[in-house]
2 protein chains.
Amino acid sequence: MSTQKPSIPKGTRDFSPIEMNRRNFIFNTIRSVFEQFGYQPIETPAMENLNTLLGKYGEEGDKLLFKVLNSGDFLSGITESELTRDNAAALSSKISEKGLRYDLTVPFARYVVQHRNDITFPFKRYQIQPVWRADRPQKGRYREFYQCDVDVIGSDALINEAELLLIADQVFGKLGIDVIIKLNNRKILSGIAELIGHADKITDITVTIDKLDKIGPKKVNEELAERGLGAEAIARIQPVINLQGSNDEKLSTLSELLRDTTDGPKGVAEIIEILSLAKIMNISSTVELDLTLARGLNYYTGAIIEVKAADVAMGSVCGGGRYDNLTGIFGLPGVSGVGISFGADRIYDVLNELNLFTTATASTTRVMFVNFGGQEEKLSIEMASKLRAIGINTEVYPDNTKLKKQFSYADSNRIPWVVIIGEQERIEYRCILKNMATGQQDSMPMGEIINHIIKV
Amino acid sequence: MSTQKPSIPKGTRDFSPIEMNRRNFIFNTIRSVFEQFGYQPIETPAMENLNTLLGKYGEEGDKLLFKVLNSGDFLSGITESELTRDNAAALSSKISEKGLRYDLTVPFARYVVQHRNDITFPFKRYQIQPVWRADRPQKGRYREFYQCDVDVIGSDALINEAELLLIADQVFGKLGIDVIIKLNNRKILSGIAELIGHADKITDITVTIDKLDKIGPKKVNEELAERGLGAEAIARIQPVINLQGSNDEKLSTLSELLRDTTDGPKGVAEIIEILSLAKIMNISSTVELDLTLARGLNYYTGAIIEVKAADVAMGSVCGGGRYDNLTGIFGLPGVSGVGISFGADRIYDVLNELNLFTTATASTTRVMFVNFGGQEEKLSIEMASKLRAIGINTEVYPDNTKLKKQFSYADSNRIPWVVIIGEQERIEYRCILKNMATGQQDSMPMGEIINHIIKV
C-alpha cells in the first residue's frame with residue numbers, strides 16, 4: 001500500500017474541535033428552543049430512493065443530486081446497446097437507484113406520508129441533519145451542509161406562526177444576535193395582484209418592489225412598466241410602493257386598499273392575529289411587515305417569514321412560511337403546514353463576524369491536571385476523578401513530559417484552568433491553580449479547587 | 001407528477017420522535033462522558049475520496065463501499081471501448097471518485113495526517129457520526145448506522161487505557177446497564193505463542209481458546225491439534241487453558257509462565273498498571289482479564305478491550321484497544337493510539353430488552369395546555385410562555401378542538417402534564433393540572449403549577 005497525500009472531496013469540510021464546539025453551541029441552542037415549544041426530533045436516512053427526490057427541485061435541482069451507484073454488479077440488467085456515451089442520462093438512472101438527501105423538506109413529506117398511520121396530528125417535528133448538493137463550491141457554499149428545520153403540519157391555527165416567530169426570537173436572543181424578523185403573507189400579495197388586475201404577475205411585482213430601497217420609486221415604476229404593467233395598474237399600486245410607517249399604519253392602509261379583493265382582507269387579518277399572539281408571548285425582536293418578502297412564492301400559501309441579522313450585512317439567517325400541499329406529491333393532499341429553517345453555516349459566520357464566540361464555546365474541558373509522574377500523578381488522577389464526579393469536565397495530561405509542553409497543550413486546547421500538584425504540594429495536600437486566561441497562579445488547600453473553579 | 005407510494009432504501013431507517021429521544025438519551029450520555037474526560041468532538045464529511053477508503057477494509061470491505069457517481073457528465077473521459085459490461089469494476093472507479101464513509105477510523109487517520117500541523121498532540125478526539133455499508137441487511141444489521149468512537153493518539157501512557165475503561169464504566173453506569181469489561185493484551189498473546197514455539201499461530205490459538213466455555217478443554221485441545229499444534233505445544237499451553245481465579249491469580253500465573261518470553265512480561269505489567277490506575281479512578285464495573293479476547297488482532301498492539309452487558313445475551317456493546325500504526329498508511333508512521341467504540345444500535349436493543357427506557361426518555365415536552373379558544377387560549381399562551389421562560393418545555397395545543405382529541409395527542413406524544421384553563425378557571429385565575437401517568441387532576445391557583453410540575 002503506497003503512501004497517499006490525504007484530502008477530502010471539494011466542497012466538503014472537516015470540523016476541528018474548536019469549530020465543532022462552536023457549531024454545537026449553535027445546534028444545541030436551536031435544538032433547546034425547538035424543544036421548549038414542544039417540537040420533537042426525527043431523522044431520515046442520508047440516502048433516499050431517487051424516485052423520491054427526482055422532479056422535486058426542478059430540472060436544475062435534479063442535476064445537483066448526488067447519486068449512489070448500485071452496489072454489487074451495477075451493470076447487471078444493462079444491455080450492451082444501452083451502454084453508450086450518449087446515453088449517460090438514461091444510464092445514470094439505471095445504475096443508481098439511490099441519492100443523497102438534497103434538503104429536509106422532501107424527506108419530511110415522504111416521512112409523513114409513509115408513517116401517516118403512526119403519526120398523531122398536528123405533528124410538530126424538527127430535524128437537524130446534513131444535506132448534499134453537487135453545487136459549484138464557493139465562499140459560503142458547500143456540497144455538504146446542515147439544515148435545521150422546524151415544522152408543524154396538520155394545523156391551520158395561527159398560533160403556530162406566532163410560535164415560529166418566537167422560536168426565531170428566542171434562538172437569536174440566546175445566541176446574542178440582534179435580528180429583524182420580516183413578515184409577509186401570500187394572501188396580501190394575491191390581493192395586490194388582484195387589485196391591479198394582474199393576478200398572473202405576482203412574481204414580477206414582488207421582485208420589482210423588492211428593489212425599492214436600491215433603485216427608488218421612479219425606477220421601480222419604470223421596471224413595472226417594462227414587465228408589462230399598464231399605466232392604470234401602476235397607478236393603483238402606488239399606495240403599496242409608498243407604504244410606510246409602523247406595522248399598524250401599514251396594515252390599516254392595506255386593509256382599506258385591499259378591502260374588495262378576494263384574499264387581501266384575510267391576509268391582513270392573519271398578520272394582525274399573528275402579531276397579536278406574538279405580543280402575548282412576549283416577543284422581543286422587531287417584527288416588520290415587509291411586502292417585498294416573497295421567498296419561495298410558488299410554495300407558500302399564507303405567512304412568509306424571514307430573519308436577518310441587524311448588525312451584519314448578510315443574507316437571511318432563517319426563513320420559511322405556511323404551505324398547503326407539502327405531502328400532495330406523495331399521495332396525501334390537503335395537509336397544511338408551516339415551518340422555518342435555520343442556516344447554521346450563515347449563523348456561524350454572523351457569530352464569528354460579531355465576535356460573539358466566547359471562550360466558553362471554545363472547549364468543553366474545564367480543568368487539566370499537570371502530570372509529574374509517580375505519586376503526584378496518582379494523586380492528580382484521584383483528584384481529577386473527584387472533579388468529574390461533581391460534573392466538572394477534567395483531564396490529566398497523560399504523559400510525564402516537559403511542563404512547557406503540557407501548558408502549551410492546555411493553551412491550544414483552550415482549557416481555562418490548570419492544576420499543578422508537585423511533590424511539595426502532594427506532601428502538604430495542596431495544589432496550585434492556574435487561570436490560563438489571566439495567568440494568575442494561586443496555591444491553596446486541595447479541597448478549595450472546586451470553589452475557585454466554580455466561583456470564577 | 002404522479003403519486004408515489006413512498007419508501008426508503010432497504011437497510012436504512014427513519015427514526016420517529018420516540019426513537020430519537022431514546023437514541024439521543026444514549027448519544028448524550030456517551031457524549032457527556034467523553035467530554036468529562038477531556039475528549040473533544042470532530043466531524044468529517046460523509047463522502048471521502050475513494051482512494052482514501054479503498055484497500056483499507058480488505059477485499060470484502062471494498063465491495064461494501066457505497067460509491068457516489070461523479071456529478072455532471074459522469075461518462076466524460078470514458079471511451080466507448082471501456083464502456084462494456086465485462087469492464088464493470090474498472091468502470092466503477094472511473095465514474096465514481098467518492099464513496100460514503102465506511103467507519104470512523106480511516107477518516108480519523110486521514111484527518112490526523114491532513115491536519116497534523118494544526119493538531120497539538122496528544123490528540124483526544126471523539127466522533128459520533130453515521131457510517132454506511134452495502135451489507136446484506138438483516139436483523140440488527142443496517143446499511144446506515146452510527147458509530148461513537150473515542151481515541152487518543154500521540155501518547156503511550158497507560159493512563160489512557162485506564163481512562164477508557166472508566167469511560168465505559170461511566171457510560172454504562174449512567175445508562176443503567178450492568179456490564180463486564182474484558183481486558184486482554186496483545187503482548188500476552190504474543191508471549192503465549194512464543195512460549196509454545198508458534199508465533200505464527202496466535203490467531204488459531206485465540207480463536208480456539210475462545211470456544212473453551214462452549215466446548216470444554218478436551219475439544220479445545222483436539223482443535224488445537226487440528227490447527228497444527230504439536231503435542232508438546234499443546235502441553236505447554238495447558239496452564240493458559242486452565243487459567244482460573246481472580247485477575248491477580250491469573251496475572252501471577254501468567255507472569256511466571258511467560259517470564260522468559262520477549263513480550264509476555266511487558267503485557268502482564270501493562271495490565272497490572274492499567275488495573276491499578278482504574279482502581280484509583282474508582283471504577284465500579286467488573287474488569288476481567290480474558291485471554292480469549294482477540295478482536296481485530298492484526299490491528300491491536302497492546303491493550304484489547306471489550307464490554308458486554310451482564311444481564312443480556314448479546315454481543316459486545318463496546319470494544320477497542322491500542323494500535324501503533326493507524327496513520328502509517330497516510331504517510332505518518334509511528335503514532336501510537338488507543339481507543340474504543342460504542343455500538344449505539346446494540347445499546348438501544350439492550351436498554352429496550354431490559355426495559356430501561358423510562359418515560360423521561362420518551363418526550364422532551366413536559367407540559368401541554370389544552371386549547372379552548374378565545375380568552376382562555378390567550379391566557380394559556382401567556383402561561384405557557386412563563387413556563388418556557390423558566391426552562392420547562394411547554395406547548396399549547398394549537399387548535400380549539402374536541403378535548404378528547406387534545407388529550408389523545410398529549411397521550412400519544414407522552415407529555416406527562418396537561419394544564420386545563422376553562423372559562424371558570426380563567427375568571428378565578430386558577431387551572432386544573434392533570435398528571436397523565438396517574439390520571440389525577442388537581443385544581444390550583446395559577447401560580448402553583450410550577451411547584452407541582454417541578455416537585456413531582
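Here, each number is a calculation from the coordinates, and none is a lab measurement. Just so it is clear, the structure is predicted and the values come from calculations on it, not from any experiment. Don't worry about glycine lacking a Cβ; one is built from the backbone with ideal geometry, like all the others, and counts go over all protein chains shown.
7 Å from Cα along Cα→Cβ at both B:Lys63 and A:Lys211: what's the point-to-point distance in nm?
6.1 nm
Find the all-direction average of the projected area of the Cα convex hull for segment A:306-345, expressing the result in square nanometres with one decimal place.
Here the figure is 3.6 nm², rounded to one decimal.
Projected onto the charge dipole of segment B:259-357 (+1 at Lys/Arg Cβ, -1 at Asp/Glu Cβ, origin at the Cα centre), which of B:Val350, B:Val338, B:Asn282 gives the Cα projection farthest towards the positive end?
Comparing the listed Cα positions along the dipole, B:Val338 ranks first.
In whole Å, what are the extents of segment B:1-129 along the principal axes defined by its C-alpha atoms, from largest to smallest?
58, 48, 28
Just counting partner chain Cβ atoms within 10 Å, what average do the residues of peptide B:107-120 show around their Cβ?
Across the residues of B:107-120, the mean count of other-chain Cβ atoms within 10 Å is 3.
For segment B:179-230, taking Cα atoms only, what is the radius of gyration to one decimal and the Dmax to the nearest whole Å?
According to the Cα coordinates of segment B:179-230, Rg and Dmax are 11.7, 38 Å.
Regarding segment B:170-281, what are the three Cα extents along the principal axes, ordered largest first, in Å?
47, 31, 23
Using 17 Å as the cut-off for backbone N distance, which residues of segment B:417-456 belong to the label zone defined by a point 7 Å from the Cα of B:Ala389 along Cα→Cβ?
B:446-451
Given only helices, namely DSSP H runs of n ≥ 4 each adding -39500 (n - 2.57), what is the per-residue ellipticity at 222 nm of the protein assembly as shown, to the nearest 500 deg cm²/dmol?
Only helices count here, giving -12500 deg cm²/dmol.
Run down the aspartates and glutamates and flag those whose C-alpha is under 16 Å from the C-alpha of B:Lys211, throwing out any fewer than 8 positions away in its chain.
Qualifying aspartates and glutamates at Cα under 16 Å: B:Glu222, B:Glu223, B:Glu226, B:Asp290.
Quick check on segment A:255-408: what are the equivalent-ellipsoid semi-axes from the Cα gyration tensor, as sqrt(5λ), descending, whole Å?
Working through the eigenvalues yields semi-axes of 55, 18, 15 Å.
Determine ³J(HN,Hα), in whole Hz, for all residues of segment B:163-174 in sequence, where each value follows from phi through the Karplus function 6.51 cos²θ - 1.76 cosθ + 1.60 and θ = phi - 60°; x replaces Gly and Pro.
With the stated coefficients, segment B:163-174 comes to 5, 5, 4, 5, 4, 4, 4, 5, 4, 6, x, 5 Hz.
So what are chain B's ellipsoid semi-axes, whole angstrom, largest first, if each one is the square root of 5 times an eigenvalue of the alpha-carbon gyration tensor? Mind dumping the intermediate values first?
On the way: eigenvalues 516, 208, 84 Å².
One finds semi-axes of 51, 32, 21 Å for chain B.
Sticking with the crude label model, points 7 Å out along Cα→Cβ, report the distance from B:Glu256 to B:Leu54 in nm, one decimal please.
Result: 5.6 nm between the two label points.
Among all the lysines, which ones have a C-alpha under 18 Å from B:Lys124's C-alpha, if same-chain residues fewer than 8 places away are not counted?
Hits, sequence-local ones excluded: A:Lys405.
Pairs A:Lys378/B:Lys308; A:Lys139/A:Lys201; B:Lys5/B:Lys139; A:Lys308/B:Lys174; B:Lys174/B:Lys250: which exceed 32 Å Cα-Cα? Provide the component values of the computation, followed by the final result.
Working: A:Lys378/B:Lys308 28 Å; A:Lys139/A:Lys201 34 Å; B:Lys5/B:Lys139 24 Å; A:Lys308/B:Lys174 41 Å; B:Lys174/B:Lys250 30 Å.
The answer is A:Lys139/A:Lys201; A:Lys308/B:Lys174.
Report the per residue volume, in Å³, of the convex hull enclosing the C-alpha atoms of segment A:113-152.
Measuring per residue, one finds 83 Å³ for the Cα hull of segment A:113-152.
Using only alpha carbon positions, build the gyration tensor of segment B:72-200, then give the equivalent ellipsoid semi-axes as the square roots of 5 times its eigenvalues, largest first, whole angstrom.
Rounded to whole Å, the semi-axes are 39, 22, 20.
Give me the number: length gained by fully extending B:Ile427 to B:Ala225, i.e. 0.36 nm times residue separation minus the C-alpha to C-alpha distance, one decimal in nm.
Contour length minus the Cα-Cα distance gives 63.9 nm.
Going by average Cβ neighbours within 10 Å, how do the peptides A:419-427, A:171-179 rank, with the highest at the top?
A:171-179, A:419-427
Cα extents of the protein assembly as shown along the three principal axes, largest first, in whole Å?
If we take the Cα atoms of the protein assembly as shown, the spans are 106, 77, 54 Å.
Working from the pairwise distances between different alpha carbons, so that the mean of 1/r is found and then inverted, what is segment A:400-456's Kirkwood radius in Å?
Details: mean 1/r = 0.0841 Å⁻¹.
The Cα-based Kirkwood calculation yields 11.9 Å.
So what's segment B:380-420 giving for Cα Rg divided by 2.2 N^0.38 Å, two decimals?
Normalised by 2.2 N^0.38 Å, the Cα Rg of segment B:380-420 equals 1.17.
Which order do the peptides A:14-20, B:96-102 come out in when sorted by mean C-beta neighbours inside 10 angstrom, highest first?
Packing order, densest peptide first, comes out as B:96-102, A:14-20.
How many Cβ atoms of partner chains, on average, are near each residue of B:152-164 if near means within 10 Å of its Cβ?
Other-chain Cβ atoms within 10 Å of each residue's Cβ, averaged: 3.
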